[in-house]
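Heads up, the thing below is written out as structure tokens.
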Amino acid sequence: MFGVFGLWKTFASVVFYLTLVIGLGGLAGNGLVLWNLGLHIRKGPFSVYLLHLAAADFLFLCCQVGFSVAEAALGSQDTLYFVITFLGFAAGLWLLAAFSAERCLSHIFPACYQRCRPRHASAALCALAWALTLPAVLVPAHACGLLRARAHPLACLRYHAASVTWLLALVCVACTAGLVLFLWVACCSQRQRPRFYGIALGAVLLFLFCGLPFVLYWSLRPLLNFLLPMFPPLAALLACVNSSSKPLIYFVMGRQPGKREPLLAVLQRALGEAAAPAVGGLSLPLGSV
């Protein structure tokens, strides 16, 4: 019995420190993306999504690292920490779904996209994602007693089911858009690969392998806490990998083999959008990574 307890304690410590190190690295990476994309790189319809996605990842990692340290120092867990942390993660999922879907539609239906898309659609969708994430997470959390309030079982079941349905819908949108874009570019399109193609596919695949367990934990939290106590720290670790690895994808997409360039130049190539006037005054990206 003592051996099992000691093994579990060692496992928990290793996962904790890995989460902390990866989270701190992700904070630095997403901070650099926010600084350069927000202030030094010209933004277009798609890079606006990536700017907000970096902000959501930065918020999630900041909360995850801060609350993990607080829980370790206090020696107890607080469900309020998990709810606040999940806000940033859920906003990032919404933004990833919107980015993937628009990238897919803009390549499959370019003429219709240029003609019908409103000029400030990206900014409006990002604002909508942030605004709707709050009630989608906080309302079921309050009904289920995660915000230090009294739980209401019937309301908890109803609102939590709606929240899980919403999250699964976003997962389906992101994954379907990524799959359709991949198949269209690989099999049907004769044009050059669209800009942000690698970023969109990389972010979706990263979420499937590393972000999906955190959605599963939100959906089945009481059951997983009881049956698989090792699942919550592993899900948090993988979620940190998901949020911390996107800057690495941008770096890989932007760098040129055999050349040493400043970080700003690499990010400019990966995330910047050279714009040209289009129908209805819309500025659209040209070129490809």
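The values are calculated or read from the model by the stated rules, or taken from the named source; none is laboratory data. All values reported here derive from a predicted model rather than from experimental measurement. Cβ placement follows ideal geometry from the backbone for every residue including glycine, while neighbour counts extend to all protein chains displayed.
Computed values, structure above
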{"quantity": "So Leu34, is it part of a helix (DSSP H, G or I), aliphatic (A, V, I, L, M), more than 25 Å from Pro262 (Cα to Cα) and modelled with pLDDT of 90 or more", "calculated": "no"}
{"quantity": "Residue in segment 193-215 that is farther than 28 Å from Leu34 by Cα and either of a type in the set (Phe, Trp, Tyr) or more than 23 Å from the chain's Cα centre (by Cα) (or both) present", "calculated": "no"}
{"quantity": "Given (1) at pLDDT 95 or above; (2) touching a Lys or Arg at 6+ places or on another chain (Cβ under 7 Å), number of the condition Pro213 does not satisfy", "calculated": "(2)"}
{"quantity": "Filter result for Ala73 (under 18 Å from the mean Cα position of the chain (by Cα), in a helix (DSSP H, G or I) and small (Gly, Ala, Ser))", "calculated": "no"}
{"quantity": "Test: residue in segment 146-156 that is in contact (Cβ under 8 Å) with a residue 60 or more places away in the chain and either in contact with an Asp or Glu (Cβ under 7 Å, 6 or more places away or on another chain) or part of a helix (DSSP H, G or I) (or both)", "calculated": "no"}
{"quantity": "Residue match in segment 14-28 (condition: crowded, with 20+ Cβ neighbours inside 10 Å and hydroxyl-bearing (Ser, Thr, Tyr))", "calculated": "yes"}
{"quantity": "Given (1) touching a residue at least 40 places away in the same chain (Cβ under 8 Å); (2) closer than 23 Å to Cys175 by Cα, number of the condition Cys210 does not satisfy", "calculated": "(1)"}
{"quantity": "Qualifying residues in segment 222-235 (those that are surrounded by 13 or more Cβ atoms within 10 Å (Cβ to Cβ) and free of Cβ contacts under 8 Å to residues at least 12 places away in the same chain) - the one farthest from Asp57 (Cα to Cα)", "calculated": "Leu228"}
{"quantity": "Selection count, segment 30-60, where residues are among the hydrophobic types (A, V, I, L, M, F, W, C) and within 11 Å of the chain's Cα centre (by Cα)", "calculated": "8"}
{"quantity": "Odd one out for Glu102, checked against (1) part of a helix (DSSP H, G or I); (2) at pLDDT below 95; (3) over 27 Å from Phe16 (Cα atoms); (4) out of contact with any Pro (no Cβ under 9 Å at 6 or more places or on another chain)", "calculated": "(4)"}
{"quantity": "Qualifying residue in segment 158-169 (condition: on the phi > 0 side of the Ramachandran plot and either surrounded by fewer than 18 Cβ atoms within 10 Å (Cβ to Cβ) or out of contact with any His (no Cβ under 9 Å at 6 or more places or on another chain) (or both))", "calculated": "no"}
{"quantity": "Hey, Phe46 buried (at least 20 other Cβ atoms within 10 Å of the Cβ), at pLDDT 95 or above and not charged (D, E, K, R) or not", "calculated": "no"}
{"quantity": "Some residue of segment 105-117 being under 18 Å from Ser244 (Cβ atoms) and not acidic (Asp, Glu)", "calculated": "no"}
{"quantity": "Contacts under 6 angstrom Cβ, first residue in segment 176-189 being more than 9 Å from Ile108 (Cβ to Cβ), partner part of a helix (DSSP H, G or I) and among the small types (Gly, Ala, Ser), 6 or more apart", "calculated": "Ala177/Ser100; Ala177/Ala101; Gly178/Ser100"}
{"quantity": "Residue count, segment 243-267 (criterion: surrounded by 18 or more Cβ atoms within 10 Å (Cβ to Cβ) and either of a type in the set (A, V, I, L, M, F, W, C) or in contact (Cβ under 8 Å) with a residue 40 or more places away in the chain (or both))", "calculated": "10"}
{"quantity": "Condition check for Pro277: at pLDDT below 75, within 17 Å of Arg42 (Cα to Cα) and in contact with an Asp or Glu (Cβ under 8 Å, 6 or more places away or on another chain)", "calculated": "no"}
{"quantity": "Residue that is surrounded by the fewest Cβ atoms within 10 Å (Cβ to Cβ), among those in segment 189-205 that are in contact with a helix residue (DSSP H, G or I) (Cβ under 9 Å, 6 or more places away or on another chain) and at pLDDT below 75", "calculated": "Arg191"}
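Residues are listed down the side, and each one gets a yes or a no for (1) under 28 Å from Ser219 (Cα atoms); (2) aromatic (Phe, Trp, Tyr); (3) surrounded by fewer than 22 Cβ atoms within 10 Å (Cβ to Cβ):
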position: Phe11; (1), (2), (3): yes, yes, yes
position: Ala55; (1), (2), (3): yes, no, yes
position: Phe58; (1), (2), (3): yes, yes, yes
position: Leu61; (1), (2), (3): yes, no, no
position: Gln77; (1), (2), (3): yes, no, yes
position: Trp94; (1), (2), (3): yes, yes, no
